[in-house]
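For reference, the structure discussed in these notes is given below.
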Amino acid sequence: MSDRYKFVFIHIPKCAGTTVRNLLGQFDDTEGKYKSRVHHHPELGRLDYTHLPLEVMRRVCPEDLEKVRNYHSFTLIRDPKTRFMSALSQRLKMYSTRELAQRDRDDVNRLARQVVETLQEPGATHRPEFIHFARQSEFIFCDGEQLVKAIYPTSRVGDVIQEVSHLTGEDLGPVGNDNTTMVFRRDAFRVLAVAGKWVGERTLGPERTRSARKALRQILMKPLHSSPEIYMLSDDVVDFVQDFYAQDFELYAKVTGTFEPPSARP
């Protein structure tokens, strides 16, 4: 949030926001208010201040919500199905000893169903443990009003950076991706990697094993967004995702130019 340049970037979880935040940190005028922290709010309990839905921001810091309304505000959104998988991956990184890439499809769907059950509880997505599953629309709308003015798909993250460069007059350099979810190119590679880790730790030692695994992961794995077939969700989980994130699917279709209004559907 920049008072100097009158812009606000809304960081929606699992939507390339880490990449943008790292580049825009120099313009932040909040003294790190929304930077990587979980804090207890006297009324709302534990909150992840890095990712505040606008309704939560209204209760926590209403003056900042007014800046979202009045400044040039923008955000990135993502295909909801792929984002759900990425959120599941993030949850496993944070709260499990085994990453998404180390699990087979049955295990992934079992964990997904556990998340689905929790998401149906009131207020579940505002808890830090499940904020990555919050609807993207909650970061764009408040009380039915769209406050975030510019919405980009994650495929156009470079356009967001160019826009900020235009607003600030600063060259922000090339854009990378600082938090990509990776999956194995083939299921057999997952088995190979798990076995390789076991053998490596017993023959090479922890340091050399970590270096070898890092190099091998570049060969055996690829980004989740290019491999939806690797961890195909079961039909019941897909049905939930399509229903729970219905507004997100519509938003994403609009910003990617694939939206079909009801009158045009057969």
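Worth pointing out:
- Pairs are defined by a Cβ separation below 9 Å, a sequence spacing of at least 6 or placement on different chains, a first member in the range 144-162 that is more than 16 Å from Met57 (Cβ to Cβ) and open to solvent by 20 Å² or more (accessible area, probe 1.4 Å), and a second member that is outside any helix (DSSP H, G or I) and of a type in the set (Asp, Glu); the pairs so defined are Thr154/Asp79.
- Count - residues of the range 90-117 that are over 17 Å from Ser234 (Cβ atoms), of a type in the set (S, T, N, Q) and either part of a helix (DSSP H, G or I) or touching a Phe, Trp or Tyr at 6+ places or on another chain (Cβ under 6 Å) (or both): 2
Each row is one residue, and each column tells you yes or no for (1) small (Gly, Ala, Ser); (2) open to solvent by 10 Å² or more (accessible area, probe 1.4 Å).
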| residue | (1), (2) |
| --- | --- |
| Val20 | no, no |
| Thr50 | no, yes |
| Lys67 | no, yes |
| Ser73 | yes, no |
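- When Glu163, Glu170 are checked against the criterion of being in a loop (DSSP other than H, G, I, E, B) and within 21 Å of Lys67 (Cβ to Cβ), a single residue qualifies: Glu170.
- If the condition is being in contact with a helix residue (DSSP H, G or I) (Cβ under 6 Å, 6 or more places away or on another chain), more than 18 Å from Ser86 (Cα to Cα) and β-branched (Val, Ile, Thr), then the range 106-158 contributes only Ile151.
The values are calculated or read from the model by the stated rules, or taken from the named source; none is laboratory data. Quick caveat: nothing in here was measured; it's all calculated off a predicted structure. Cβ sites come from the backbone with ideal geometry, for glycine too, and all protein chains shown count toward neighbours. With ligands, DNA and RNA removed, areas are computed over all heavy atoms of the protein, side chains included. Shrake-Rupley method; radii C 1.70, N 1.55, O 1.52, S 1.80 Å.
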